[in-house]
1. Which one of these does C78 not meet: (1) buried (at least 18 other Cβ atoms within 10 Å of the Cβ); (2) under 21 Å from L153 (Cα atoms)?
2. Condition test on Q57, is it open to solvent by 70 Å² or more (accessible area, probe 1.4 Å), out of contact with any strand residue (DSSP E or B) (no Cβ under 6 Å at 6 or more places or on another chain), under 17 Å from K14 (Cα atoms) and not charged (D, E, K, R)?
3. Among (1) farther than 21 Å from I126 by Cα; (2) of a type in the set (V, I, T); (3) touching a residue at least 12 places away in the same chain (Cβ under 8 Å); (4) touching a Lys or Arg at 6+ places or on another chain (Cβ under 8 Å), there is one condition V83 misses while meeting the rest; what is its number?
4. Let me spell it out: the conditions are (1) surrounded by fewer than 16 Cβ atoms within 10 Å (Cβ to Cβ); (2) among the hydroxyl-bearing types (S, T, Y); (3) part of a loop (DSSP other than H, G, I, E, B); (4) modelled with pLDDT under 95, and S45 meets all of them except one. Which number is the exception?
5. Looking at K109, K103, can you tell me which residue is exposed (fewer than 15 other Cβ atoms within 10 Å of the Cβ), of a type in the set (D, E, K, R), modelled with pLDDT of 95 or more and assigned to a helix (DSSP H, G or I)?
6. Just name the residue that is most open to solvent (accessible area, probe 1.4 Å) out of those in the stretch 140-157 that are free of Cβ contacts under 8 Å to residues at least 60 places away in the same chain and either under 29 Å from G90 (Cα atoms) or among the hydroxyl-bearing types (S, T, Y) (or both).
7. Which members of the stretch 99-111 meet the condition of being β-branched (V, I, T) and over 21 Å from M1 (Cα atoms)?
Amino acid sequence: MKIILFDIDGTLIKAGRAGFRGLNRAIKDMCGVDDICSRLQLQGSPDKENFRTAFIQASGKKPTARQARELERRYVACLPKEVARSVKSGNYFKVKGVEKLLKALSRRKDVLVGLGTGNLKAGAFIKLKPSGLTRYFVFGGYGCDSHIRSRMLRKAV
């Protein structure tokens, strides 16, 4: 049996910076700072690490556990609106050929297909929903499982 894990952003879909805008909104609501994400390099890092970095840059201090949970909650609450905004503006799309690949892999008896993404689990499925690809993924490792990518991927396995 083989396990094939897929990342989301840039691999399965392009969400038109919906996550970027959602994090900006959550930071604005909590810290009063506009457009914090424009000042940061966030690609390639798990959501929790991005949230921590954005909070520190906006507030000048590390978030408490309570503040970190609140930031995650606010982000997940903002994300559906931001994904819908990307869809409406035509900036959301599936990566070419990915659905054909997923269909072929899902027919194989020797392959399990899952997610290996730095997105929070809730955020991952919010981002994937408009693509129709969620049906291919029943397990995964997510950014909420660990901020260390190798641990997150082991969780999926």
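The values are calculated or read from the model by the stated rules, or taken from the named source; none is laboratory data. Values in this document were obtained by computation on a predicted structure and should not be read as measured data. Counting neighbours? That spans all protein chains shown, and the Cβs are built from the backbone with ideal geometry, glycine included. The protein model used for the area step is the full one, side chains on, heavy atoms only, and it has no ligands, DNA or RNA in it. Shrake-Rupley method; radii C 1.70, N 1.55, O 1.52, S 1.80 Å.
1. Result: C78 passes all but (2).
2. It is false that Q57 is open to solvent by 70 Å² or more (accessible area, probe 1.4 Å), out of contact with any strand residue (DSSP E or B) (no Cβ under 6 Å at 6 or more places or on another chain), under 17 Å from K14 (Cα atoms) and not charged (D, E, K, R).
3. Every listed condition holds for V83 apart from (1).
4. (1)
5. From the options K109, K103, the qualifying one is K103.
6. Going through the qualifying residues, I end up with S150.
7. none
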